[in-house]
1. So, in the range 140-156, exactly how many residues are surrounded by 13 or more Cβ atoms within 10 Å (Cβ to Cβ), farther than 16 Å from Ser112 by Cα and free of Cβ contacts under 8 Å to residues at least 40 places away in the same chain?
2. All but one of (1) part of a helix (DSSP H, G or I); (2) hydroxyl-bearing (Ser, Thr, Tyr); (3) modelled with pLDDT of 95 or more hold for Ser87, so report the exception by its number.
3. Please go through the range 157-205 and give me each residue that is under 25 Å from Asn103 (Cβ atoms), assigned to a loop (DSSP other than H, G, I, E, B) and open to solvent by less than 80 Å² (accessible area, probe 1.4 Å), ordered by number.
4. Output the residues belonging to the range 172-183 that are touching a helix residue (DSSP H, G or I) at 6+ places or on another chain (Cβ under 8 Å) and either in contact (Cβ under 8 Å) with a residue 40 or more places away in the chain or among the hydrophobic types (A, V, I, L, M, F, W, C) (or both).
5. Restrict the check to the range 216-223 and report whether at least one residue is within 30 Å of Val114 (Cβ to Cβ) and touching a helix residue (DSSP H, G or I) at 6+ places or on another chain (Cβ under 8 Å).
6. Those residues that are closer than 14 Å to Asn176 by Cβ, of a type in the set (Phe, Trp, Tyr) and open to solvent by 30 Å² or more (accessible area, probe 1.4 Å), I need them from the range 206-233; list them, please.
7. Out of Leu136, Leu146, Leu105, report the one residue that is closer than 25 Å to Leu213 by Cα and either hydrophobic (A, V, I, L, M, F, W, C) or touching a Leu at 6+ places or on another chain (Cβ under 6 Å) (or both).
Amino acid sequence: MLSKINFFLKNYLGFTRRESRGFVFVLPVLFVLYGVPVVYDSIIEKQNAQYYKEYLLALDSLDLEGAGWLQFHSMKDSILKSGTQDSVKKVFTYKSPKSPVLNKLSFSDADSVVLQIVPGIGQTMAGRIVKFRENLGGLHQKEQLLEVYGMMPEVMDRVYEYFEFSPGISKKIKINELDVTELAKHPYINYGTAKVIIAFREQHGRYSSAEDLLKIKIFNEEWLQRLRPYLEF
């Protein structure tokens, strides 16, 4: 048998005698490597099917009444009809009838890609949130998220269902050092406001407290309260 294989490889595929021997040696190994995943998947599928049956038996033993009973048996019948391995795995993911606990991520560390796991947050909105958070220097109140253009209260609530909010300001405004361009990058300070702040500083000297800004007649207490947590003197 081996001589016939060697003859075929030599005459039809151009293998040398040494190459033919090597190929004959490797061929059984390839068959084994191919067969192992197939056998493994078969074993796992049988185990999942068994676990699935045990899962359904456990759920059948629960005292479900009314709408809960109807909802469970409707789901059960639907899955039984489909009979697919994916359905088995999907149900078996929940090994107990308790509701799964969602592990929240840190909102402060979430980038624009991660934020898109929230229903209603697309690529554009996620980018706006990250830009606003970075330019602001961090959020110290949850409600500041509503200041992002296009953000709705119900979407904000969903964001905090997925992400853990920890108030914190990572970057402050060095109001006695920054120039107009740098000041105007902050969401609470537009370019015109920045020019006024710089002009007053140049005329009257350094600011010593947040209240010094109220000496500028165009500013009010409401605006200052929003800006105050971000000021550094």
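1. Of the residues in that region, 2 qualify.
2. Only one criterion in (1) part of a helix (DSSP H, G or I); (2) hydroxyl-bearing (Ser, Thr, Tyr); (3) modelled with pLDDT of 95 or more is unmet by Ser87, namely (3).
3. Phe165, Ser166, Gly168
4. Lys172, Ile173, Ile175, Asn176, Val180, Leu183, listed by residue number.
5. Scanning the range 216-223 turns up no residue that is within 30 Å of Val114 (Cβ to Cβ) and touching a helix residue (DSSP H, G or I) at 6+ places or on another chain (Cβ under 8 Å).
6. Across the range 206-233, the qualifying residue is only Phe233.
7. Leu136
The values are calculated or read from the model by the stated rules, or taken from the named source; none is laboratory data. Remember, predicted model here, so these are calculated numbers, not experimental data. In this analysis, Cβ positions are derived from the backbone assuming ideal geometry, glycine residues included, and neighbour counts consider all displayed protein chains. Side chains included, ligands, DNA and RNA excluded: accessible areas come from the protein's heavy atoms. Shrake-Rupley method; radii C 1.70, N 1.55, O 1.52, S 1.80 Å.
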